[in-house]
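Here's the structure, in structure tokens; my notes come after.
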Amino acid sequence: MIKELRTEVLIVGGGLGGCAAALAVCRSGRTAIVTEPTDWIGGQLTSQAVPPDEHGWIERFGATASYRRLRTLVRQYYRDHYPLTRQAQDDPYLNPGLGWVSPLCHEPRVALAVLEAMLAPYRTSGLLKVLQQHVPVAAETVAGDRIAAVTLENRLSGGQLTVTADYVLDATELGDLLPLAGVEFVTGQESRSQTGEPGAPEVARRENSQAITVCFAVDHMVGENHTIDRPVEYEFWHDFVPPLNPPWAGKLVRLTGLSPRTLEPVHYRFDPTGELPVAFSGLWTYRRILAREQFVPGSFSSDVCLINWPMTDYLLGDLCTCDAEQAEKHIERAKQLSLSLLYWLQTEYPREDGGQGLPGLRLRPDIVGTADGLAKAPYIRESRRIEAEFTVCEQHLSADVRKGKLLAKTFEDSVGVGSYRIDLHPTTGGDNYFDVPTLPFQIPLGALIPVRVENLLPAAKNLGVTHITNGCYRLHPVEWSVGEAAGAVAAFCLAQNTSPRGVLHNPRQLAALQDALVCQGIELQWPSDLNLQEGEPHRHATR
């Protein structure tokens, strides 16, 4: 017998969007169930082991109050539990890893602890239930345009349960509910005739999505040998040249790549020894999540570096358009690519001193919470996306298209804001980087509403964006904002006995929703009294 549960809002997917959605639903006094395919909530910040990618104004504006609280609590966790130096303890902009990808680079487990703490009061009150190790396997629809129930499977026991809900939020990494529930969706790359985007191709390619990456963490133990066993596919990946247009700069498993913006060859430096000045240590400090100098001397024997580099981008299969068996094979091959890069660094990397290999590089399974030392889940950059009431396109955001403007196109139905370059990694269809500057943008409610289904809302990277604009809506704070908006919209509709589509097309209800969002600390527009063209450099940029 299949067990049955009932809730007001079912949130399928426990990543950043799912966690933000749960907070929004429960603080409104509504009940929610969140499902998560792994044993860690938090998605790209935890199980995928990706330190946050954020815009330059994140310390002051351009995010929701709850996302700022998440960042504040991460810093406070280090102040409360780690032996920070006095200087680091007193730094209001504490960056535990001093990584230069973000002003806040930290360990996945710390983010996990903070997210669990943020959700804890609602779990205790009974408003929230979290079902870890559960994935959706079926959906029941009513009259074709409403989802009545979703069947979940426990990945450990194989047991199933069915959850009925008034609203269903798809916060999965790949938009898994969309095909299960018959929701209209798109994958891959749209054509220019479909979207009008200057960067789109003449012909759509639904299997052409951004690469996935399996991340991992390492430290460096001087004088020790932590070389892993030679990976099974090492010979293949050692000599693999990405089939890209324009061409890649030689073999993938090397430290020579391409500049995303110019497509000119770039040789990356990598110095875990600390002998080079920080500004020249390159990829070692890029996504560093623990910097020894931030802590009392003797506390840690090494920095800890998170590996998510162009050399770990897996290009040989698209997870959005293949079956489950094929997807597992692609993920296993992506793991082999990551291990092959590590093995190459340990055995063949040409060191600054003229030697070869860094055997002191040590894989850190404890950092990512797995036995094999690789992240629990692959980093997913692109998802299935709903066919929406409104689709955000390149021309709405591009600084090149909107010359002379300070902001992206204004959306009167805004339910949040975000900012990031359109940053497309090489794709499974052979496209190289596509990197376009954007203007600070909004999240329109219309992009959260499917063209037909009434009670499903996207709560991650599966909203109404294109292959191109996904490149700037997929980052940590924007995914959080999408999820939080989706949760808040569901709670509002329950309270007002209306629907998201009804709100969108009713000016009075839309204004009431937006007032409610503002009261919850959700920014709907960018400030007009600041020089947004300049931005704010991250505090760590000169370190």
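Net length available on complete extension from V137 to T410 is 94.4 nm, with 0.36 nm assigned per residue and the Cα-Cα distance removed. With Cβ to Cβ distances under 10 Å as the rule, what net charge do the other residues near Q442 carry (K, R +1; D, E -1)? Local net charge: -2. Simple spin-label estimate for E348 and V296 gives 4.4 nm between the two label positions (7 Å along the Cα-to-Cβ direction from each Cα). Taking the fewest neighbouring Cβ atoms within 10 Å as the starting point, the ordered list for I522, I386 is I522, I386.
Only one residue of V417, L397, A371 has its Cα farthest out toward the positive end of the dipole of segment 359-444, where Lys and Arg carry +1 and Asp and Glu -1 on Cβ, and that residue is A371.
Computed over segment 163-313, relative contact order equals 19 percent, with contacts defined as Cα pairs under 8 Å that lie 6+ residues apart.
Rounded to the nearest 20 debye, the dipole size of segment 218-276 about its Cα centre is 320 debye, using +1 on the Cβ of Lys and Arg and -1 on the Cβ of Asp and Glu. Each Lys and Arg contributes +1 and each Asp and Glu -1, all at the Cβ; summed about the Cα centre of segment 153-215, the dipole is approximately 160 debye.
Between E328 and V451, what is 0.36 nm times their sequence separation minus the Cα-Cα distance? Round to one decimal in nm. Taking 0.36 nm per residue and subtracting the Cα distance, the gain is 41.2 nm. Considering only alpha-carbon pairs that sit under 8 angstrom and 6 or more positions apart, the relative contact order computed for segment 255-392 is 11 percent. Using Cα centres only, tell me the gap between segment 286-341 and segment 108-149 in whole Å. If you average the Cα positions of each part, the centres end up 26 Å apart. Each Lys and Arg adds +1 at its Cβ and each Asp and Glu adds -1 at its Cβ; summed about the Cα centre, segment 212-368 shows a dipole of about 280 debye.
Under the criterion of Cα pairs below 8 Å and six or more residues apart, the relative contact order for the chain equals 22 percent.
Loop-located chymotrypsin sites (Phe, Trp or Tyr not before Pro) across segment 22-108 with a Cβ neighbour count of 14 or fewer within 10 Å are Y93, with loop assigned by DSSP.
Please name which of S66, A204, S499 has its Cα lying farthest along the dipole of the chain towards the positive end, using unit charges on Cβ (Lys, Arg +1; Asp, Glu -1) and the Cα centre as origin. Going by the Cα projections, it comes out as S66.
Sort out for me the Cα centre separation of segment 444-520 from segment 40-70, rounded to whole Å. If you average the Cα positions of each part, the centres end up 19 Å apart. Just want the answer: with Cβ charges of +1 for Lys and Arg and -1 for Asp and Glu, which residue in G464, V34, A120 is farthest toward the dipole's positive end in the chain? Toward the positive end, the furthest listed residue is A120. Full extension of the chain between E233 and R86 gives 48.3 nm of extra length, using 0.36 nm per residue less the Cα-Cα distance.
Screening the chain for whole DSSP H helices of 27 Å or more along their axis (Cα) with average Kyte-Doolittle hydropathy at least 0.5 returns 476-496.
Rounded to the nearest 500, the helix-only mean residue ellipticity at 222 nm of the chain stands at -7500 deg cm²/dmol, with each DSSP H run of n ≥ 4 adding -39,500 (n - 2.57).
Computed from the coordinates by the stated procedures, all read-outs in this text should not be read as laboratory data. Since the structure is predicted, the reported quantities are computational estimates derived from the model, not experimental observations. Here Cβ is always computed from backbone atoms with ideal geometry, including for glycine, and neighbour counts include all displayed protein chains.
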